[in-house]
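Notes follow once the structure below has been shown.
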Amino acid sequence: MTGTEIMNQFSLKGKTALVTGGCYGIGFAIAQALHAAGAQITFCATSDASVEKALAAYAAEGITDVKGYACDVTDETAVRALIDTIEKETAPLDILVNNAGIIKRIPMCDMSVEDFRRVVDVDLTAPFIVAKAALPGMIARGHGKIINVCSILSELGRETVAGYAAAKGGLKLLTQNICSEFAGQNIQCNGIGPGYIATQQTAPLRELQPDGSRHPFDQFIIGRTPAGRWGTPEDLMGPAIFLASDASNFVNGHILYVDGGVLAYIGKQP
Ligand code: NAP
Ligand code: GCO
């Protein structure tokens with residue numbers, strides 16, 4: 001291969017992507033990255049208000065050809081309609097990024113089963129619903145890329161996040177299962193497993209204390225991360241382009257952890 005051909009493997013020119021929850025935080029950064037690599041971007045969020053706000057944020061970044069839709073990813077009928085609309089209004093989907101997610105931090109014995117179910121519904125069942133809706137078209141066209149946004153909590157547990165860790169652990173295995181079932185049809189399904197990333201979702205863990213000092217959890221994460229810092233949404237950009245592009249055509253069922261080394265590290269010695 002020539003140098004140009006090698007670098008062209010990373011291009012997403014002519015591809016269409018759906019990023020669920022691509023309004024801000026990690027989803028927004030991934031959408032920006034796929035757009036920069038040449039893809040046409042679509043995204044969904046929970047409400048028209050979220051979509052409008054996000055469209056303004058994309059425009060502020062100079063991205064005006066993005067399309068946003070209000071769609072609850074846990075609603076199978078709405079998701080099927082969303083995929084149909086995208087395929088009619090934009091183009092058939094080449095890339096799906098299951099990014100939408102929620103967390104509820106509640107000690108397990110205080111957590112209601114409804115709260116547990118809602119987290120699993122959004123973080124695990126919804127990626128199944130959206131992938132199930134996107135796969136038949138991908139199979140018919142002979143190619144497709146699915147990226148599931150997992151977490152280091154796909155591998156580790158911690159206090160107060162029973163629903164989230166159960167869902168993200170399940171999402172890792174759903175990723176492997178989609179690979180197992182559809183790799184033969186040239187579908188690559190991989191996960192990105194962010195470590196602790198500074199977004200709205202983790203803002204409560206970084207709030208300054210009344211005396212101006214850092215939140216104890218913030219200090220804990222800095223100490224637990226060999227890189228010595230929180231990740232940023234931008235840290236997910238390169239990995240997302242890689243997993244969405246032809247450069248990763250033989251990478252399948254893999255979870256690419258983007259965690260500053262957390263999973264490699266036993267913790268600081270005393
Ligand atoms: P975030 O800032 O809270 O953004 C979550 C996005 O998901 C929002 O756009 C939200 O839409 C959307 N969403 C939530 N429920 C939805 C639903 N039922 N239907 C459609 N959209 C829905 O989260 P983030 O921190 O960027 O995280 C993004 C993903 O990365 C999540 O899956 C999260 O679990 C995962 N993750 C995050 C971290 C981290 O440290 N931040 C680490 C590992 C993994 P609205 O704007 O309409 O609410
Ligand atoms: C928490 C955090 C995590 C992160 C992330 C870690 O309360 O422990 O919110 O769940 O969001 O998923 O990778």
request  = Kindly list the number of the only condition in (1) in contact with a strand residue (DSSP E or B) (Cβ under 9 Å, 6 or more places away or on another chain); (2) open to solvent by 20 Å² or more (accessible area, probe 1.4 Å); (3) under 24 Å from ALA36 (Cα atoms); (4) more than 13 Å from ligand 2 (Cβ to nearest atom) that fails for TYR257.
outcome  = (4)
ask   = Can you tell me which of ALA131, ALA165 is within 13 Å of ligand 2 (Cβ to nearest atom) and either closer than 24 Å to SER50 by Cα or without any contact (Cβ under 8 Å) to a residue 60 or more places away in the chain (or both)?
value = ALA165
ask   = Within the stretch 159-197, restricting attention to residues that are more than 13 Å from the chain's Cα centre (by Cα) and β-branched (Val, Ile, Thr), which residue is farthest from ligand 1 (Cβ to nearest atom)?
value = ILE187
remark   = Considering the stretch 141-155, residues that are more than 16 Å from ligand 2 (Cβ to nearest atom) and open to solvent by less than 20 Å² (accessible area, probe 1.4 Å), and then whichever is nearest to GLY21 (Cα to Cα), we arrive at ILE146
Residues located in the stretch 107-123, provided they are open to solvent by 40 Å² or more (accessible area, probe 1.4 Å) and either under 13 Å from LYS168 (Cβ atoms) or within 16 Å of ligand 1 (Cβ to nearest atom) (or both) = GLU114, ASP115, PHE116, ARG117, ARG118, ASP121
inquiry  = Looking at ALA166, ALA183, can you tell me which residue is out of contact with any helix residue (DSSP H, G or I) (no Cβ under 9 Å at 6 or more places or on another chain) and among the hydrophobic types (A, V, I, L, M, F, W, C)?
reply    = ALA183
ask   = Of the residues ALA70, ALA60, ALA56, which single one is modelled with pLDDT of 95 or more, of a type in the set (A, V, I, L, M, F, W, C), loosely packed, with under 13 Cβ neighbours inside 10 Å and farther than 23 Å from GLY238 by Cα?
value = ALA56
key: Restricting the stretch 36-93 to residues that are touching a strand residue (DSSP E or B) at 6+ places or on another chain (Cβ under 6 Å) and of a type in the set (Val, Ile, Thr), the residue that is farthest from ligand 2 (Cβ to nearest atom)   = THR90
key: Boolean, GLN200 is open to solvent by 40 Å² or more (accessible area, probe 1.4 Å), under 30 Å from ILE95 (Cα atoms) and either within 10 Å of ligand 2 (Cβ to nearest atom) or touching a residue at least 40 places away in the same chain (Cβ under 8 Å) (or both)   = yes
key: Whichever residue in the stretch 224-244 is touching a residue at least 60 places away in the same chain (Cβ under 8 Å), open to solvent by 40 Å² or more (accessible area, probe 1.4 Å) and more than 15 Å from ligand 1 (Cβ to nearest atom) and, among such residues, is farthest from LYS268 (Cα to Cα)   = PHE242
message = All but one of (1) buried (at least 20 other Cβ atoms within 10 Å of the Cβ); (2) more than 16 Å from ligand 1 (Cβ to nearest atom) hold for ILE41; state the number of the condition that does not hold.
response = (2)
query = Residue check, ILE221 against (1) within 16 Å of ligand 1 (Cβ to nearest atom); (2) open to solvent by 30 Å² or more (accessible area, probe 1.4 Å); (3) farther than 30 Å from ALA17 by Cα; (4) among the aliphatic types (A, V, I, L, M), all met but one. Which one?
reply = (2)
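The values are calculated or read from the model by the stated rules, or taken from the named source; none is laboratory data. Quick caveat, the model's predicted, so the values are computed rather than measured. Note that we place each Cβ from the backbone using ideal geometry, even for glycine, and neighbour counts take in every protein chain shown. Protein only, heavy atoms only, side chains kept; ligands, DNA and RNA dropped before computing areas. Shrake-Rupley method; radii C 1.70, N 1.55, O 1.52, S 1.80 Å.
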